[in-house]
Every structure is written in C-alpha cells, then in structure tokens.
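Undergrad: Would you mind keeping the following structure in view while I ask a few things?
What follows is calculated from the coordinates using simple rules that are stated; it is not laboratory data. Note that the coordinates shown come from a computational prediction; the quantities given were computed from them, not determined experimentally. Counting neighbours? That spans all protein chains shown, and the Cβs are built from the backbone with ideal geometry, glycine included.
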Ligand code: NDP
Ligand code: 2IT
C-alpha cells in the first residue's frame, strides 16, 4: 500500500470510529496531511499501529456535574476529561467551560495538545477537559459551586504525576482557585503540581497568566524576522479579548506594533489609536463586561456587532478567540489587504480552506500548536517550580518563555525544510511534534 493509501485508510477509520465529531476530524486531517511525507522518510512509524494508537485517547472520562444556582434551582452539566497521550509525561492541558463543549471538541483540543506539548521540548503528555457550563452572567458563588462539583468527580483522575489540568476558555485564575481549593480539601494534601495557572501567592508561576499571549507575540516577532522585518510600526488585529488576546496585545505593543482591533462573541471594536490595554483589562478581567463598553470610554473607537473583525486591514493577524473563527472569506479579505503574517493564538481558529489560501498567497501562517504553545510551556515551568518548591522571578520566567518560543520557531522551520516544505510552519510543527511522540511510543512498546 502507498503511504498515501495507508494514511487515507487510517483517516477513514478515525471518521467511522468517531462519528459526529467534526472538529476532531478536522484536527486529525490537518496532522495527517503532514504524515505522508514522514512515512516516506520513516516507514517504521506505520508499524505496530502507531498512528492508530495515537488517534485513540488512552482514557476518556465523562461525568455528571450537578450544582445549585443562587435562587436554589438545580442544574446539571456534563464534565469531560480526555487523557489522550502520556508517552512524554503526565497528561497536560486546559479545561474549557463553554456551552459549546462536547466530546468531539475536547478530543480535538486534546489531540492538538499532544503535538503542541511535544514541540515545547518539555516532559508533558497531552490531555484536555471541560464542561458545557456557561459562566457568563453567573455570580462568583455559582461559579464556585460549579467548580467544586466538577472537581468532586475530577479529583479521582488527576495528580501531579498523572494529569495536570489548567485553564482555557472560561477557566482563568478565579476558576483554578476554586478547583484547587476543592482538590486540596478532598485529598487533604497541598499538592501544588496538580493544577497550573494558580495564583502567584499559592504556588502559581510568574508569567503564566501572560504566557500564551506573550508567547504568540514572540513567535510573530520571529516570523517577521525570518521575513527580514520586525513588529515595529506594524498594524495588528487580535481577535478575542480574553486571556490570550489581552496579553498578545500587551506584548505586541511592547515590541512596537499597534493593535487596532479586538473582539468578543458580541462583536468587534476598532480603535485607530491602538487598543487602550488598561481599559480593556479593567473591562474584561475586573468588570467582566461586553466589548462594546470600550466605546463608552474611548470616543474615537467604533463597535461593530454584525461583521467580521478580519475586515480590518492589518499587517499581522492573531486569531485568539475560538476554533474556526477565520474562514475562507475572511482569508481572502486579509490577503487582499496584504496581511503578511497570521499566527494562531487560539486552537484551530483558521478553517482548512483559509489555511490553504494563506499558503497559496505566500502569507506566513503559524498553527496554534506552535504559536500558542507558550501557555502550556509556562505551565510546565510552573510544575518545575512546584516540584522543587521554588518560585522564580518574572524576568527569569519570561526569559525562559522567550527562549522556548524561539526554540519552537527554529525547530519548526528546520523540520519543514528537512522534509521538503521550506517555510511551511504547518508541516514543520506537525512533523516535529509527531516525531518526538512517535519515537517515545516506539520505545515504550505496545501499551
Ligand atoms: P477566554 O475565555 O479568556 O477568552 C475567550 C475569548 O474568545 C473571549 O473574548 C470570548 O468572547 C471569545 N470567544 C470564545 N468563544 C467564542 C465563540 N464561540 N465565538 C466568538 N468569540 C468567542 O479564553 P482564552 O483567551 O484562554 O482562550 C482563547 C483561545 O486560546 C482558545 O482557543 C483556547 O483554546 C486557546 N488557548 C488558550 C490558552 C491559555 O493558556 N488560556 C493556551 C493556548 C491556547 P465571549 O467572552 O463573548 O465569549
Ligand atoms: O490550549 C492550551 O495549550 C491551554 N489551554 C493551556 C494548557 C495548559 O496546561 O497550560
């Protein structure tokens, strides 16, 4: 059988075995696209059903999460933890609380996480979890009760050497606090390394909050350097206005770029003078308001409810909200507006046809598993600090993060060239991420 036919047969099996999970199929197809060239160089990876094993999570946990709201009504949500692959280390990956969460979404995120975590060069396996709980409009007390109920089941399955969750959409410092408090109570042990993204006064790492956004901006800076230029004076659009977006904006500004637009699920804001970050942090991190409130303070800014943030002309686009938020129509507009670099701050925000359009137009495009790996990498640094009961300075941790992103960029570019796809960050990231996990799986035997 040709390598193409081998890959196609495995993909068909993935579709059949995981019916009704389009996001997972999409994530698998994107990695499979790169595996043909790998199998041509390294046929041994087709042995021992290695790719088939990689596609099947080691363990999938689905559980009921009952909780009581402030008015006394009882709600039931569904909780998930997909422990995908532990060849390189304990399962590691975030928890997402959003009404759209289902098993297919958690599997797509967990699958991506395997290769992302591998690319960081740090000893972490891949996993992901979450719940179809919508924190929007809920009081702190309701969010706390939900987190406590969620952890009451999850605690049996996690641990510093087993599985180490962190944040993702809808899960930030507040939620990690409630989750850690309940874990500590249930286990009667202060096991700092069981969760990352903790507050800095109770075992968290400096820079973890900033890490995904900062890391994406460092990656963009490296991409621009490869093109012979820099962020200085560049116009940038960052979608979303959550954890990733806010700190991507902060670092882009520090590196001399100007972010002129950001968004949330209600629409987008354009500020021609550059997004006022102190205001944005106050709106989103403290007051938890909608993005349109930005225009109440900044009169030069405009809010658009119906439309696409990608209509805003820019040199650099950093989609940082959610999956499939940048489609082919948006890609055409960006290309027409002469975008030079697109780097995914979110996981899989760009649809496959949009990625192809960027490739064909010669736009440098970095997939999330490379560009947003700074968050999980800094989580691994948090685990290191917890294991040694140490805590590093902001400056030192940020230097480590920058060096890790620099290493991912270099490895991605080198691997793409080595496998005959120079400049293709998608192939470079998929192949470099895959090979490290595959070699470990071969070494560990059929387990
Ligand atoms: P947050 O919850 O902090 O922010 C999410 C942002 O995206 C909000 O502005 C939200 O708007 C918007 N958004 C979410 N879902 C949708 C949707 N369905 N349609 C439109 N807008 C949406 O999450 P993060 O910033 O942590 O995560 C953003 C992305 O980055 C996700 O893809 C996540 O998987 C990825 N990521 C996160 C990492 C981390 O360390 N946190 C690490 C690596 C990747 P609204 O408030 O209106 O819902
Ligand atoms: O998608 C991701 O990489 C994250 N949400 C962060 C995971 C982590 O364990 O820090």
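Undergrad: So what is Rg over Rh here for region 304-417, counting just Cα atoms and using Kirkwood for Rh?
TA: 1.07
Undergrad: Would you kindly state how much longer the chain becomes between residue 254 and residue 76 on full extension, computed as 0.36 nm times their sequence separation minus their alpha carbon distance, in nm to one decimal?
TA: Length gained between residue 254 and residue 76: 59.7 nm.
Undergrad: Here's something else I'd like to know. Running Debye on region 83-200 with equal point scatterers at the Cα sites and no solvent, what base-10 log of I(q)/I(0) appears at q = 0.23 Å⁻¹?
TA: -1.37
Undergrad: Also: Find the relative contact order for the chain and round it to a whole percent, using C-alpha pairs within less than 8 Å whose residues are 6+ positions apart.
TA: Computed value for the chain: 15 percent relative contact order.
Undergrad: Let me ask something else about it. Taking the convex hull of the alpha carbon atoms in region 1-111, what volume per residue do you get, in Å³?
TA: Hull volume over Cα atoms, normalised by residue count, gives 115 Å³.
Undergrad: Further, regarding this structure: Ranking request for peptides 105-117, 196-208, 164-176, 18-30: highest mean number of other beta-carbon atoms within 10 Å first, then the rest in descending order.
TA: 105-117, 164-176, 196-208, 18-30
Undergrad: Report for the chain the percent antiparallel among DSSP-assigned beta bridges with both residues inside it, nearest 5.
TA: 55 percent
Undergrad: Ordered by packing density, taken as the mean number of other Cβ atoms within 10 Å over each peptide's residues, highest first, how do 287-293, 297-303, 178-184 rank?
TA: In decreasing order of mean packing, 287-293, 297-303, 178-184 become 178-184, 287-293, 297-303.
Undergrad: Can you give the Rg and Dmax of region 68-110 based on its C-alpha atoms, in angstrom?
TA: Rg, Dmax (Cα atoms, Å): 14.1, 46.
Undergrad: Determine how many Å³ per residue the convex hull of the Cα atoms of region 386-447 encloses.
TA: 118 Å³
Undergrad: To continue, here is another question. Which whole-number percent gives the relative contact order of region 131-240, counting Cα pairs below 8 Å spaced six or more residues apart?
TA: It comes to 21 percent, rounded to a whole number.
Undergrad: Rg/Rh for the chain to two decimals, with Rh computed the Kirkwood way over all alpha-carbon pairs.
TA: Rounded to two decimals, Rg/Rh equals 0.95.
Undergrad: Here's a follow-up. Where the Cα atoms of region 191-335 are projected onto their three principal axes, how long is each span, largest first, in whole Å?
TA: Result, largest extent first: 49, 39, 28 Å.
Undergrad: If you don't mind, another one. For residue 226 and residue 41, what is the calculated FRET efficiency with R₀ set at 22 Å and r taken between the beta-carbons, to the nearest 0.05?
TA: FRET efficiency, residue 226 to residue 41: 0.35.
Undergrad: Please arrange 268, 91 by counting, for each residue, the other beta carbons lying within 10 Å of its beta carbon, fewest first.
TA: Taking fewest neighbouring Cβ atoms as first place, the list is 268, 91.
Undergrad: If you stretched the chain out fully between residue 395 and residue 17, how much longer would it get, using 0.36 nm times the residue separation minus the C-alpha to C-alpha distance?
TA: Fully extending the segment from residue 395 to residue 17 adds 131.4 nm.
Undergrad: Along its principal axes, what span do the Cα atoms of region 169-220 show, with the longest given first and each in whole Å?
TA: Reported extents, whole Å, longest axis first: 43, 20, 15.
Undergrad: I'd like to compare 317-326, 357-366, 132-141, 344-353: which one has the highest average count of other Cβ atoms within 10 Å, and what's the full order after that?
TA: Ranking the peptides 317-326, 357-366, 132-141, 344-353 by packing returns 317-326, 344-353, 357-366, 132-141.
Undergrad: Same structure again: Compute the whole-percent fraction of alpha carbon pairs in region 295-351 spaced more than 19 Å apart.
TA: Of all Cα-Cα pairs in region 295-351, 33 percent lie more than 19 Å apart.
Undergrad: A further question on this structure: Hey, any idea what the orientation-averaged projected area of the convex hull of region 139-234's Cα atoms comes to, in nm²?
TA: Taking a quarter of the hull surface, the average projection is 8.5 nm².
Undergrad: Working from the alpha-carbon coordinates of region 65-142, get Rg over Rh, Rh being the Kirkwood radius.
TA: So for region 65-142, dividing Rg by the Kirkwood Rh gives 1.11.
Undergrad: Here's something else I'd like to know. Let me know the volume per residue of the alpha-carbon convex hull for region 262-342, in Å³.
TA: Roughly 97 Å³ of hull volume per residue.
Undergrad: Sorted from fewest to most neighbouring beta carbons within 10 Å, what does the list 383, 1, 144 look like?
TA: The order, fewest Cβ neighbours first, is 1, 144, 383.
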